[in-house]
1. Assuming a viscosity of 0.890 mPa s and a temperature of 25 °C, what translational diffusion coefficient in µm² per second does Stokes-Einstein assign to the chain, Rh being the Kirkwood radius over Cα pairs?
2. Which one, A163, H223, V106, is farthest towards the positive end of the dipole of the chain when Lys and Arg carry +1 and Asp and Glu -1 on their Cβ?
3. Straight-line reach only, C-alpha to C-alpha below 18 angstrom: list the lysines that K71 could link to, leaving out same-chain residues fewer than 8 apart.
4. Among I16, I103, I81, rank each residue by its count of other Cβ atoms within 10 Å, from fewest to most, as a rough exposure measure.
5. Which of the aspartates and glutamates could a cross-linker span from K32 if the Cα-Cα distance has to be under 17 Å and same-chain partners fewer than 8 positions apart are dropped?
6. When only Cα pairs under 8 Å and 6 or more residues apart are kept, what is the percent relative contact order across the chain?
7. To check you understand DSSP bridge types, tell me what percent of the beta bridges within the chain (both residues inside) are antiparallel, rounded to 5.
8. For the range 2-123, what is the per residue volume of the convex hull drawn over the alpha-carbon atoms, in cubic angstrom?
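Just so you know, all these numbers are worked out from the coordinates, no wet-lab data involved. Bear in mind that the values here come from a model prediction, so they are computed numbers and not experimental data. Note that we place each Cβ from the backbone using ideal geometry, even for glycine, and neighbour counts take in every protein chain shown.
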Amino acid sequence: MINVLIVEDDFRIAEIHKQFLENIEGVKVVGKALRAKESWGFIETHQVDLVLVDVYMPDQLGIDLVIELKKTYEHLDFIMITAARDTSLLERSMKAGVFYYLIKPVQLEKLENVIGLYKDQKKLIKSTEYVDQTMIDVFFRNTKTEKMSKEALPKGINELTLAKVLEVVKDLPDGTTAEEMGDLLGASRTTARRYMEHLVSTGKMKAELEYGIVGRPERKYFHL
């Protein structure tokens, strides 16, 4: 569960963002702060993972609040939501380590995509000890190759999960079944099969039928 605090001085916009977030699976809004200073009280008394921050708050610039909070609460992540289009604020936000920068008015679909990306990155970090350059490129989404591959991905295939499947199968010289891969990913057998079949279609994995003593033959997947 991702615990979110909304820091927004307009209570109507804060409520809209709250309703948006409550429609996203795995997200819980723990509070709304109408002033920058109020956010400290929420963070001190609640488990907060992610903070949605407006840039222009009555008592403090949002980016300054982010910088100060980060000094005390290193685990916090931030998404800036603002009507401001000043590139200097965007640059300062990037330097402060803000996860994403959204321009008002925010659409539900866009917020869902950003939260989904945030969840995927957190899951990826927690699920692996070592990474390779391909996974890093996917994580930061900053290479031409990664962008091109993302555009080519079919519906239902997430690039971060795809990278994780490839990483896992590399360490399985004897191959794996969809059920085994699902257990390793913490996903269903159907989901695991969908990803591995996609990798088979792109030539990065191969599939063979394995005949057991009893029952129907099972499809087993190998890294190429």
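1. Answer, rounded: 125 µm²/s.
2. Of the listed residues, the answer is H223.
3. K37, K95
4. Fewest-to-most ranking of I16, I103, I81: I103, I16, I81.
5. E8, D9, D10, E15, E22, E44, D49, D54, D59, D77
6. Across the chain, relative contact order equals 11 percent.
7. Working: 8 of 27 bridges.
Once the DSSP bridges in the chain are tallied, antiparallel ones form about 30 percent.
8. It is 94 Å³ per residue.
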